[in-house]
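Read the structure below first, then the notes.
The values are calculated or read from the model by the stated rules, or taken from the named source; none is laboratory data. What you see is a predicted model, and the numbers here were worked out from it, not measured in a lab. Methodologically, a virtual Cβ is constructed for each residue, glycine included, from the backbone with ideal geometry; neighbour enumeration extends over all protein chains shown. Please note that ligands, DNA and RNA were not included when accessible areas were found on the heavy atoms of the full protein model with its side chains. Shrake-Rupley method; radii C 1.70, N 1.55, O 1.52, S 1.80 Å.
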Amino acid sequence: EKTTIIKMSVPQKQQAIVIRNLNGPVEDLVIEKDYPTPRLTGSKDVLVKVKAAALNPVDYKVKKSGQFGHSDIKDGRVIGYDGAGVIVQVGADVKGFKIGDEVWYSGLVSRPGSLQQYQLVDYRIISHKPKTLNFVDAASLPLTTITAYEGLKEHLRVQSGKRILIVAGAGGVGSIAIQLSKLWGLTVVATASRPDSIAWCKELGADQVVNHHNGIAKEFEAQKIEHVDYVFNTFGDKLINDFAPLIKPFGGVVGINGDADESCIKAITSLFVRRISYEQEFMFARPHFDIEPEKQNALLQEVADLVDAGKIRATSRSDQKFEWTQIHEAFNKLLDRSVIGKITIAVPE
């Protein structure tokens with residue numbers, strides 16, 4: 001049964017962090033205080049009063065080159081693809097949510113992002129946020145959680161008792177992939193290269209940590225680690241040359257960068273003859289192509305319940321929690337590629 005659109009009064013203008021020039025310095029991210037507030041017109045949308053957001057590599061990809069439909073920026077572009085906040089308006093076909101609900105989500109890369117005070121989001125890709133997390137900590141999880149969950153369950157189809165290698169385990173995706181893998185009964189070998197990132201991986205539950213800068217194969221030999229059944233490569237496809245020989249026949253590889261080139265052909269061919277699957281995960285695919293986007297709603301709700309049960313923790317860190325006016329500092333931190341876990345941004349009232 002359809003209902004009428006339910007709205008709370010919202011201001012005509014809002015604050016937003018807007019890209020005005022592509023491939024320029026971080027100073028081209030501008031805080032605008034009179035940016036138009038989006039209007040609720042879609043029947044499946046909710047309007048969220050955003051309380052917190054987080055940064056991901058996709059943000060600097062959009063900022064650098066206008067990927068994913070953002071090349072025309074004459075009116076500015078709002079990035080940010082993690083959000084947590086409170087629903088203030090509800091479309092006619094929205095089910096399971098009401099005004100006042102606290103939610104978390106990753107949004108859609110082709111739509112305006114979460115670095116604004118109000119954001120329109122399809123209700124099928126949001127869920128109620130964990131009750132035990134504040135908005136800032138909650139914002140650290142959605143995008144990387146969806147990526148890790150889909151990579152592990154839909155691509156690799158992981159099974160308890162198997163061993164997985166998670167490349168760049170201290171990053172945003174790696175941080176949640178370690179936790180989900182342990183929860184689902186896998187032995188986890190993570191890669192990290194600095195004392196603080198190694199400690200983080202172990203804190204999250206990694207059974208062993210190897211330094212990919214020393215060569216993954218060499219580290220496996222030195223630590224007497226046996227072959228793995230799966231590889232979740234969150235770093236870059238060119239590392240496949242190093243880890244391909246370490247995978248058992250009939251295993252699997254999932255990546256998230258899609259940057260394989262001619263130097264990878266021999267390694268990829270070696271996977272083929274051993275019946276090792278080689279796939280890429282792109283968490284925006286379901287909502288972008290409108291193919292069962294509600295699966296991301298169910299996924300996020302499942303993980304929210306796991307968080308509330310104390311089985312999954314947020315991946316925010318106190319030294320990477322930034323205020324709204326610190327966006328340049330936060331973005332520079334993202335660009336230096338040394339982030340452990342996630343960078344979060346508090347959105348002003």
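Here's the yes/no breakdown for (1) among the hydrophobic types (A, V, I, L, M, F, W, C); (2) farther than 18 Å from L141 by Cα; (3) open to solvent by 10 Å² or more (accessible area, probe 1.4 Å):
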residue: I176; (1), (2), (3): yes, no, no
residue: Q179; (1), (2), (3): no, no, yes
residue: S193; (1), (2), (3): no, yes, yes
residue: C201; (1), (2), (3): yes, no, no
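Within the range 58-84, if we keep just the residues that are at pLDDT 75 or above and out of contact with any strand residue (DSSP E or B) (no Cβ under 9 Å at 6 or more places or on another chain), the residue that is nearest to Y118 (Cα to Cα) turns out to be D59. Scanning for something farther than 26 Å from Q179 by Cβ and among the aliphatic types (A, V, I, L, M), does the range 294-310 turn up at least one residue? No, every residue in the range 294-310 fails to be farther than 26 Å from Q179 by Cβ and among the aliphatic types (A, V, I, L, M). The number of residues in the range 130-169 being within 30 Å of V48 (Cα to Cα) and either of a type in the set (V, I, T) or open to solvent by 10 Å² or more (accessible area, probe 1.4 Å) (or both) comes to 15.
Checking each residue of the range 108-129 against the condition of being among the aromatic types (F, W, Y), part of a helix (DSSP H, G or I) and open to solvent by 10 Å² or more (accessible area, probe 1.4 Å) gives at least one match.
Considering (1) open to solvent by 20 Å² or more (accessible area, probe 1.4 Å); (2) of a type in the set (D, E); (3) modelled with pLDDT under 95, the lone condition that D93 does not fulfil carries the number (3).
Can you find, within the range 293-330, the residue that is most open to solvent (accessible area, probe 1.4 Å) among those that are within 22 Å of G258 (Cβ to Cβ) and of a type outside the set (S, T, N, Q)? Before you say what the answer is, go through the steps one by one.
Start the filter on the range 293-330 by keeping residues that are within 22 Å of G258 (Cβ to Cβ), which leaves 293, 295-296, 299.
Subset that is of a type outside the set (S, T, N, Q): 293, 295, 299.
Values: P293: 4, K295: 91, L299: 9 Å².
For the range 293-330, the residue satisfying everything is K295.
Within the range 80-103, the set of residues being closer than 23 Å to D137 by Cα, among the acidic types (D, E) and outside any strand (DSSP E or B) comprises just one member, D101. Residue check, Y118 against (1) within 21 Å of F284 (Cα to Cα); (2) under 19 Å from the mean Cα position of the chain (by Cα); (3) touching a residue at least 40 places away in the same chain (Cβ under 8 Å), all met but one. Which one? For Y118, the exception is condition (2).
Restricting the range 246-273 to residues that are surrounded by 13 or more Cβ atoms within 10 Å (Cβ to Cβ) and at pLDDT 95 or above, the residue that is farthest from R163 (Cα to Cα) is V254.
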